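Engineer: The structure follows.
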């Protein structure tokens, strides 16, 4: 990561914080209360954008993995790993916030007969296993390639998980985005979009911060070897 | 628990996750700073040794 690229980080972090604050303000004070769901529908503004951000991170990880396999540049290995790490964090948050929403809406913390939930759990566990694979191999090109192939395979599960709720016939998980467009008011949709932008930007900032930290760490290790 | 408390819990969990993440990054920064200081001391020690070795016999280090 170049010095000029690191310099943009504080600005991006401030923008993410501002957008998050604005999204929270809209979600709690501007967006109207849903007729049936009531106040608990406000979880939607954090749960769905977090899930979409998790997909984004896994997709970014797969893209970087593809670049590694294609170009052979080892810097993509770290970028793919950090993106998948971020995706796993946001995946865990998706499961936790979804579980809280399920408890208040359906009266249960989890429903095993819901394809959307189970497929997301499968996706999450698949990427958890990525770390087991990665840390069971010695550092080097072999580990980078194996991790890249695994990360690339996982991305196939994203459309399956995303479409599951639309393909399932018997479900209680709500479908807000249909072929007729979003099933909500304009203000609700705007709130959702801003929350989504804020969380994606937050994830990107965290990705860049973690990446910079890991690169500094690697440089210091190399410097210690040179000096020591 | 009321629906409002569940909503607060959902947002609170996200907030706590971000806080924990920032705390981990802060701890890492402290470690990187400590390592940088150690390496700087090591590099300065090396530089002083090189100057001492390069100085002509009888000349005090730092006068060259």
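The values are calculated or read from the model by the stated rules, or taken from the named source; none is laboratory data. If you're wondering where the values come from, they're calculated on a predicted model, not measured in any experiment. Heads up, the Cβs are rebuilt from the backbone with ideal geometry, glycines too, and the neighbour counts pull from every protein chain shown.
Engineer: Listed residues A:91, A:87, A:107, A:140; which is over 13 Å from the mean Cα position of the chain (by Cα) and within 14 Å of chain B (Cβ to nearest Cβ)? Talk me through it step by step, then tell me what you get.
Structural biologist: On the way: A:91 fails: over 13 Å from the mean Cα position of the chain (by Cα); A:87 fails: over 13 Å from the mean Cα position of the chain (by Cα); A:140 fails: within 14 Å of chain B (Cβ to nearest Cβ).
Step by step, each of A:91, A:87, A:107, A:140 is checked, and only A:107 is over 13 Å from the mean Cα position of the chain (by Cα) and within 14 Å of chain B (Cβ to nearest Cβ).
Engineer: Within the range A:193-217, can you find the residues that are away from chain B (no Cβ under 11 Å) and without any contact (Cβ under 8 Å) to a residue 12 or more places away in the chain?
Structural biologist: Scanning the range A:193-217 gives a single hit, A:193.
Engineer: For the structure I just gave you, tell me whether residue B:44 is out of contact with any strand residue (DSSP E or B) (no Cβ under 6 Å at 6 or more places or on another chain) and surrounded by 13 or more Cβ atoms within 10 Å (Cβ to Cβ). Explain how you work it out, then say what you get.
Structural biologist: Values: out of contact with any strand residue (DSSP E or B) (no Cβ under 6 Å at 6 or more places or on another chain): yes; surrounded by 13 or more Cβ atoms within 10 Å (Cβ to Cβ): no.
It is false that residue B:44 is out of contact with any strand residue (DSSP E or B) (no Cβ under 6 Å at 6 or more places or on another chain) and surrounded by 13 or more Cβ atoms within 10 Å (Cβ to Cβ).
Engineer: Turning to a different aspect of this structure: Just to be sure before I move on: is residue B:16 part of a helix (DSSP H, G or I), modelled with pLDDT of 90 or more, more than 7 Å from every other protein chain (Cβ to nearest Cβ) and out of contact with any strand residue (DSSP E or B) (no Cβ under 7 Å at 6 or more places or on another chain) in the structure I sent?
Structural biologist: On the way: part of a helix (DSSP H, G or I): yes; modelled with pLDDT of 90 or more: yes; more than 7 Å from every other protein chain (Cβ to nearest Cβ): yes; out of contact with any strand residue (DSSP E or B) (no Cβ under 7 Å at 6 or more places or on another chain): yes.
Taking the combined requirement at face value, the residue satisfies it.
Engineer: Please verify whether the range A:46-59 includes one or more residues that are more than 20 Å from the chain's Cα centre (by Cα), touching a residue at least 24 places away in the same chain (Cβ under 8 Å) and surrounded by fewer than 23 Cβ atoms within 10 Å (Cβ to Cβ).
Structural biologist: Filtering the range A:46-59 for residues more than 20 Å from the chain's Cα centre (by Cα) gives none.
No - not one qualifying residue is present in the range A:46-59.
Engineer: For the range A:29-38, name all the residues that are free of Cβ contacts under 8 Å to residues at least 40 places away in the same chain, in contact with a helix residue (DSSP H, G or I) (Cβ under 7 Å, 6 or more places away or on another chain) and over 18 Å from residue A:106 (Cβ atoms).
Structural biologist: A:33
Engineer: Looking at the structure I just gave you, is residue A:98 more than 10 Å from chain B (Cβ to nearest Cβ), buried (at least 17 other Cβ atoms within 10 Å of the Cβ), in a helix (DSSP H, G or I) and touching a residue at least 24 places away in the same chain (Cβ under 8 Å)?
Structural biologist: Working: more than 10 Å from chain B (Cβ to nearest Cβ): no; buried (at least 17 other Cβ atoms within 10 Å of the Cβ): yes; in a helix (DSSP H, G or I): yes; touching a residue at least 24 places away in the same chain (Cβ under 8 Å): yes.
It is false that residue A:98 is more than 10 Å from chain B (Cβ to nearest Cβ), buried (at least 17 other Cβ atoms within 10 Å of the Cβ), in a helix (DSSP H, G or I) and touching a residue at least 24 places away in the same chain (Cβ under 8 Å).
Engineer: Quick one: is residue A:32 part of a helix (DSSP H, G or I) and surrounded by fewer than 20 Cβ atoms within 10 Å (Cβ to Cβ)? Walk me through it before giving the result.
Structural biologist: Details: part of a helix (DSSP H, G or I): no; surrounded by fewer than 20 Cβ atoms within 10 Å (Cβ to Cβ): yes.
Spelling it out, it is not the case that residue A:32 is part of a helix (DSSP H, G or I) and surrounded by fewer than 20 Cβ atoms within 10 Å (Cβ to Cβ).
Engineer: Moving on to the next point. Please go through (1) modelled with pLDDT of 90 or more; (2) more than 12 Å from every other protein chain (Cβ to nearest Cβ); (3) in contact with a helix residue (DSSP H, G or I) (Cβ under 6 Å, 6 or more places away or on another chain) for residue A:115 and return the number of the only condition it doesn't satisfy.
Structural biologist: Of the numbered conditions (1) modelled with pLDDT of 90 or more; (2) more than 12 Å from every other protein chain (Cβ to nearest Cβ); (3) in contact with a helix residue (DSSP H, G or I) (Cβ under 6 Å, 6 or more places away or on another chain), the odd one out for residue A:115 is (1).
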